[in-house]
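Below is one structure, written out as structure tokens; the observations come after it.
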Amino acid sequence: MPKTLLAPSILSCDLLRLEAQVAAVERAGADWLHVDIMDGHFVPALSFGPKLVETLRRLTSLPLDVHLMVEDPDRWVEPFIAAGAGGVSFHLEACRHPRRLLRHIRSLGARAGLALNPATPADSLRYLTPELDLVVVMSVDPGFAAQPFLPETLPKLSAVRAGLDAAAGARTACLVEVDGGVGPANAKALVAAGASVLVAGNSIFGQTDPGAALVALRQAAR
């Protein structure tokens, strides 16, 4: 069985201790760092810009998984890839021409991802499957850290994975990432449903020892 990738979410870390907390999860075996970008329009909150990604790129060798929760993702893809993002995901709900933008992200040498809000059905991906390297299944309504997991998104996760596997060209190489309310209590069920990447914020950086929390999440996911 392929390794489940763990992507601690910078949104939940203590920014005053950014270097130490990044180093702690890197030592503990984090696979990626997840960076949520929020514009105060597509979601209520504001978060980070390309400068933080530049800083993270200097602090760590981990791949940077940038999640654009913004109204105009076309505007922000190039700045974040230039800053060091290894992958960029944007929301289907925010983009008029998702196929074009997915291809553009790939042309810049980054992993192209598409995120789905909880109310967006899995079959929305049907005609975009050949362009996808990653699907982000939101298991909370996006915009704030430390929200509880929405259990109705678990069957949707399975449907996304099944749709990718059944698509023409068998896009089994496409990763399925779950984001929101992820922790040791539901990690095993999420992996069983088809998740290949677990984004975890509060359950890692909200704990006294983020490194130990990541190890606990890894054990639970097995």
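One table, with the values for the structure above:
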{"quantity": "Whichever aspartates and glutamates have a C-alpha closer than 16 Å to that of residue 3, once near sequence neighbours (fewer than 8 apart) are set aside", "calculated": "31, 177"}
{"quantity": "Region 46-149, accessible surface, carbon-and-sulfur percent (1.4 angstrom probe)", "calculated": "52 percent"}
{"quantity": "Solvent exposure, largest accessible area first (probe 1.4 Å, DNA, RNA and ligands not counted), of 97, 34, 104, 41", "calculated": "41, 97, 104, 34"}
{"quantity": "Computed [θ] at 222 nm, deg cm²/dmol, the chain (DSSP H ≥ 4; -39,500 (n - 2.57); rounded to nearest 500)", "calculated": "-10500 deg cm²/dmol"}
{"quantity": "Hydrodynamic radius of region 85-135 per Kirkwood, over alpha carbon pairs, in Å", "calculated": "10.9 Å"}
{"quantity": "Global form of region 9-93, assessed from the alpha-carbon gyration tensor, a/c cut-off 1.5", "calculated": "prolate"}
{"quantity": "Residue 41 versus residue 59: modelled label distance in nm, points set 7 Å from Cα along the beta carbon direction", "calculated": "2.8 nm"}
{"quantity": "Region 142-222, relative contact order [Cα under 8 Å, separation at least 6], %", "calculated": "31 percent"}
{"quantity": "Accessible area in the full protein assembly, largest first, 1.4 Å probe, for 80, 149", "calculated": "149, 80"}
{"quantity": "Cα-Cα separations in region 92-221 greater than 17 Å, expressed as whole percent", "calculated": "58 percent"}
{"quantity": "Top positive-direction residue, dipole computed over region 1-94 with Cβ charges, set 94, 45, 35", "calculated": "35"}
{"quantity": "Ranking by accessible area, most exposed first, for 139, 107 with a 1.4 Å probe", "calculated": "107, 139"}
{"quantity": "Per residue solvent-accessible surface (Å²) - region 46-180, probe of 1.4 Å", "calculated": "44 Å²"}
{"quantity": "Sites matching GluC sites (Glu not before Pro) across region 110-200 that sit in DSSP coil, with at most 15 neighbouring C-beta atoms within 10 Å", "calculated": "152"}
{"quantity": "Among beta bridges that DSSP assigns inside the chain, antiparallel share in %, nearest 5", "calculated": "5 percent"}
{"quantity": "Gyration tensor verdict on region 1-152 (Cα atoms; rounded if a/c is under 1.5, prolate if a/b is larger than b/c, oblate otherwise)", "calculated": "rounded"}
{"quantity": "Candidates 64, 198, 15: whichever shows maximal mean-square fluctuation once the chain is modelled as a Gaussian network with Cα springs under 10 Å", "calculated": "15"}
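The values are calculated or read from the model by the stated rules, or taken from the named source; none is laboratory data. Since the model is a prediction, treat every value here as computed from it, not as a measurement. Every residue, glycine among them, receives a Cβ derived from its backbone with ideal geometry; neighbour counts consider all protein chains shown. These accessible areas exclude ligands, DNA and RNA; they are computed on the full protein's heavy atoms, side chains included. Shrake-Rupley method; radii C 1.70, N 1.55, O 1.52, S 1.80 Å.
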